[in-house]
Every structure is written in C-alpha cells, then in structure tokens.
1. Could you check the simple spin-label distance between Asn256 and Tyr44, using points 7 Å along Cα→Cβ, in nm with one decimal?
2. Taking the Cα of Glu214, stepping 7 Å toward and past its beta carbon, and measuring to each backbone N in region 262-300: which are under 12 Å?
3. For Ser146 and Asn364, compute 0.36 nm times the residue count separating them, minus their Cα-Cα distance, and round to one decimal in nm.
4. Which net charge results when you count Lys and Arg as +1 and Asp and Glu as -1 among the other residues whose beta-carbon is under 13 Å from that of Ile373?
5. Quick check on my link table: of Lys38/Lys107; Lys54/Lys101; Lys31/Lys101; Lys55/Lys101; Lys55/Lys220, which ones sit more than 26 Å apart, alpha carbon to alpha carbon?
6. Given the C-alpha atoms of the chain, compute the convex hull and give its volume per residue in Å³.
7. Alpha carbon centre of region 112-127 versus region 197-257: separation in Å?
8. Run through the DSSP bridge list for the chain and note the antiparallel percent, rounded to the nearest 5.
Amino acid sequence: MNSFDIIIAGAGLAGTALTLELLNSPLRNNKILVVEQKQGVVPYDRTWSYWTVKKHQFSKAVQERYTSVTVASDEYRQTFNLRNAVLERISSQSLFFYAAKRIGAHKNVTVIHDRAESFYEDMDHAGVRLQKSGMFIAPWVFDSTSVNTTLPSNPFGVLGWTWTVRTKTNAFDTLAVTLFDFRNTPDSFSFFYILPVNRKTALLTLTQYGYQNEAQGDAKQFAMRYLKTAQNLPGATLENGSYGFIPFLNHHHDRNPSSHIVPIGVKAGLMNSLSSYAFTEIMADTERMVEAMAQHKRPYYPRHHTHFPGINRAMRRLIRQNPQVAKKMFIDLFKLNSNTDEVLSFLSQDKPFMEYFPLVRHMNPFPLLAAAI
Ligand SMILES: Cc1cc2nc3c(=O)[nH]c(=O)nc-3n(C[C@H](O)[C@H](O)[C@H](O)COP(=O)(O)OP(=O)(O)OC[C@H]3O[C@@H](n4cnc5c(N)ncnc54)[C@H](O)[C@@H]3O)c2cc1C
C-alpha cells in the first residue's frame, strides 16, 4: 500500500497554500503526496484580489498592491485611503509558478496528476483512490476536491466578466483600486471594479449576482459604454475577455474532529456567502491548521464561526428584490464610516457581528430586515 505522512487532494489555492505552509514548518520533512487532476503547473486561469493586513504564503508572488479604494455609482464617487490594509492582486499563473518552484526543491513531496475518485478512513488512517494510480493512505488526508460535492442544478452566485483595458493616455492610478462602481441595470445588481496594472492598462471586471443559467445581456457592450461615459475613456480597448461563475455553495463550516479526512478551502465553508471571497480566510485557516499539527499532531483548532449567514441571505435577497436599495446600503457603509479598513473587515466578516455595531449603527436596517422575512 502506498503510504505517506500527509496527502493533499486537490492542488488549487488551499491545497497549494497548505503544501507551502507545511514546508515552512517543523513538519517540512514529512512525506507528502499532492494529487491534482489537472495537468501542468497551472490548474486553471484565475485572478484573486482581496484585502489583507498581513503577509501570507504567496506574498512574494503578489503582482500589485493598492493603498486606496474608490467607491462610486452614477451619482456618487469617493476615494478612501487605507490605513493598515492593502488590496492585493495575484494571478493563478504567478501563484502556481511561484509555488511549483518552491515545492520542486523538496524531494519529500510527490506530486501526482490524477483524479481522486473516492476517500475512505478507519481508526488511524484515511485513504484516497485515484483513477489511474491506485490507493494511497496517510494519517491525514486534506481534501479540496469536488468528490462528494453536489452542485444545485441552477445555483445562485456571482457572475464575473473580466477584460484587459488598454488606453492611450495615463488613465490609471497604480495605487488606487475602483472597488465598487455600482451600475445597476433595470433587473440586476451590477458593479464594475478596476485593478490597474500600469498607468495605461488595467483589469476591468463586471460583477453581477444571479443564477448560473440566467440569460445575460451583452456584457462587453455594457463595459464599453461604461468606459466611454463613466470613465471618460472613449478610446479605450477591451481584450482577453473571460467569464467566471462563483456558485454560493452550502458547505458546512464545521469539521468533524474525529475524522482523518479534513476538508479545506471552499469545501470547508471558507467562502464568504455574500462577497464569494475566500483567499484570506483560506490563508488564515491553513496557518492555524499547520500550527495545530506542529503542536498537537492534529490539524483541528477551535474555529469561531464569524460569517453572518442570516445577514448574507437577507442581503442576497435584497440584491435580487431591490438592487437600488442594496446599492445604497453598500455606499452608505463607506460614506458613513471614516475607517475604511474596518469597513473592509466588515465585508470580510472577520469578527463577530456585534464588534461591528459602531460601524452599522448609523445605517437604516429596515430594508435588510424586510428582506429577511
Ligand atoms: C472565477 C473565480 C474567481 C474568484 N475570485 C476570487 C477573488 O478575487 N478573491 C477571493 O478571495 N476569492 C475568489 N474566488 C473564490 C476562491 O478564492 C477560489 O474559489 C479558490 O480558488 C478556492 O480555493 P480551493 O482550494 O477551495 O478550490 P480550487 O482553487 O478550485 O482548488 C480545487 C482543486 O482541486 C482540483 N480537483 C477537483 N476535484 C478533483 C479530483 N476529484 N481529483 C483531483 N483534483 C481535483 C481542481 O482541479 C482544483 O485545482 C474566486 C473563485 C472563482 C471560481
């Protein structure tokens, strides 16, 4: 039987972060197996942006850091300087090539490109059966794969279109992100966000909330109109269009402490069910798990559930039922609070809700309460 000390099934964001965290810890000499179904170094094309106040496993691979955020709409625009937080951008190319170089230097890490088909466990071990390579066992199996994950037929989630914008003029401030530029359409809650790459190039993303199979308008035309009118960039061009859908999945946040199979990443309920962001939470969770393994030989640590499922559900409903009111609530959050770092922390739901009471006490709660009923 092929046995290892640790098996990591799925080498996307969480699996790769865990591998690097282990190699950077007292567990660095453990015999580690990493399994990924996709061939090549980069399993998928993706760009992560997120705000953070601390370094993480991929800090050296980050491509841009921004220190101010602009929040806007057709009738509002304000730029806020961040205090300690920064907004970062990292592409899957940069992240996975950086990781591959570091992992490649460690002979105790075996990487197999094969598909995990099933998992099993007994009292002391867990195992994974791979499509071509057979069975592998270890005391701990970390799982971010799609095995045993059922996707609803037409999930609700975040639809995102991303393009590279090129201009002839120095149109972009490389330290400032347009985080939310709300441009609702008659039937949908939409916002643009702009991540500058240099003074003449930026990534433009159109974000909408909706069902996966929902008919979508001409996103590119909408984006061209936005650049021409709202950004006053009539000469701008759009290239390399890509589309992504992030389903809101009801993965449980709770792990079973008696199990040797440990869900990680989105599969461990780390995706925020309003923003669909998960990067910073995956980094924090990975650090805590490896710390716990180094100290107690087990990856489990006390996890305090800080997400606001009830509020997120009500906010998602409000976004559907009344996009204009939802837009106003987002803008008020920034407008009514001088500490933008704290507003971003609230959006990440880093702390229990009551710790944000000073932040939300000025806001009108009734639209959300009505949407919650
Ligand atoms: C389009 C998109 C954009 C996003 N943008 C952001 C963002 O800007 N900021 C942010 O914070 N979050 C973002 N997220 C959310 C989240 O950060 C990502 O989903 C993140 O990649 C989740 O990490 P993960 O390890 O759980 O899953 P993944 O990164 O998807 O990794 C899972 C890996 O497991 C592999 N796998 C699956 N099944 C099997 C199997 N049976 N056998 C072997 N391998 C398998 C997959 O190929 C994949 O490589 C985005 C998500 C999507 C979909």
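Every number here is computed from the coordinates shown, using simple stated rules; none is lab data. Being a predicted model, the structure only gives us computed values, none of them experimental. Note that we place each Cβ from the backbone using ideal geometry, even for glycine, and neighbour counts take in every protein chain shown.
1. Rounded to a tenth, the inter-label distance reads 2.5 nm.
2. No residues fall inside that zone.
3. Working it through step by step, the gained length comes to 74.5 nm.
4. Once positives and negatives cancel, what remains is +2.
5. Lys55/Lys220
6. 149
7. 37
8. 70
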